[in-house]
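Take a look at the structure below.
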Amino acid sequence: MVPDIYFIAIAIVGSLSLFVLLFFAFRRALSVWAQYRGPQVVICPETRKPAGVSIDLKRAEKAAFLDLKPDLRLASCSRWPEREGCGQECLAQIESAPGECGVRFQLEQWYRGKPCVFCRKTFGPIQWHDHRPSLVNAEGKFVEWSDIAAETLPEVLDTHFPVCWSCEATERFRREHPELITEISSREGASRSIR
């Protein structure tokens, strides 16, 4: 009878230990996924110009799961296939500041503290899942995020203006259905200009 209790106790302790080890392994892998997911913008060491890259997440997550340093390799680059055999020296930029090369991080930094070009409200935390902010160019045309290549992001941010989600929805409706809109301007003569 006593040996059965020891066997059960050893099985429980072993199961709990395995659970704890797996929990921390998955947590490390999830942390790597969160840091390196999505498109990244780096300065190509060869051309000294922005390049859009993405990390081979499976490889990096596997190393983190096994409690090793994340093994970073590129999964794609805007300079491929012509320069696919490069030494991937740009990874040093991503390793030195995990997450900061990510497009989402750079956009959050760019929007922070800027006013919407239409309503002039200052941007706070970005809600990427439902009220994603937008951009408008100098001619007043809205730009879709899906149309912006990662390697062109720095140039686009230099030449476009920030727009909040509410103003983009309002302006798109106003432009698509002008017959349904009656504008009332203020005494000071409110303007819809983007500048």
log10 I(q)/I(0) for region 74-133, Debye formula on C-alpha points only (no solvent), q = 0.16, 0.23, 0.28 Å⁻¹, two decimals, reads -0.69, -0.94, -1.17
Quick check for you: with a 1.4 Å probe and neighbouring chains kept, what is the accessible area per residue of region 25-168, in Å²? 58 Å²
Please list 10-21, 70-81 highest first by mean number of surrounding beta-carbon atoms within 10 Å per residue. 70-81, 10-21
Using the alpha-carbon centroid of each, what span in Å lies between region 41-64 and region 130-148? 25 Å
Expressed to two decimals, region 1-108 has a Cα Rg over Rh, using the Kirkwood radius, of 1.26
Within a Cβ distance under 13 Å of E144, other residues only, what is the Lys/Arg minus Asp/Glu net charge? +1
What ranking, highest mean first, results for peptides 121-131, 160-170 when packing means the other Cβ atoms within 10 Å averaged over each residue? 160-170, 121-131
Heavy-atom accessible area of the chain with neighbours in place, 1.4 angstrom probe: carbon+sulfur share in percent works out to 58 percent
Given charges of +1 on the Cβ of Lys and Arg and -1 on the Cβ of Asp and Glu, with all other atoms neutral, how large is the dipole of region 1-107 about its Cα centre, in debye to the nearest 20? 280 debye
Diffusion coefficient, µm² s⁻¹, Stokes-Einstein with Kirkwood Rh over alpha-carbon pairs of region 99-154 at 37 °C and 0.692 mPa s: 265 µm²/s
From the C-alpha gyration tensor of the chain, square roots of 5λ in Å: 47, 26, 12
What is region 110-160's relative contact order, in percent, from Cα pairs under 8 angstrom and six or more apart in sequence? 24 percent
Answer in debye to the nearest 20: the dipole magnitude of the chain about its Cα centre, from +1 Lys/Arg and -1 Asp/Glu charges placed on Cβ, is 360 debye
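The values are calculated or read from the model by the stated rules, or taken from the named source; none is laboratory data. What you see is a predicted model; the values in this text were computed from it and never measured. Using ideal geometry, Cβ is built from the backbone for each residue, glycine included, and neighbour counts are taken over all protein chains shown. Accessible surface is based on the protein model in full, side chains and every heavy atom, while ligands, DNA and RNA are left aside. Shrake-Rupley method; radii C 1.70, N 1.55, O 1.52, S 1.80 Å.
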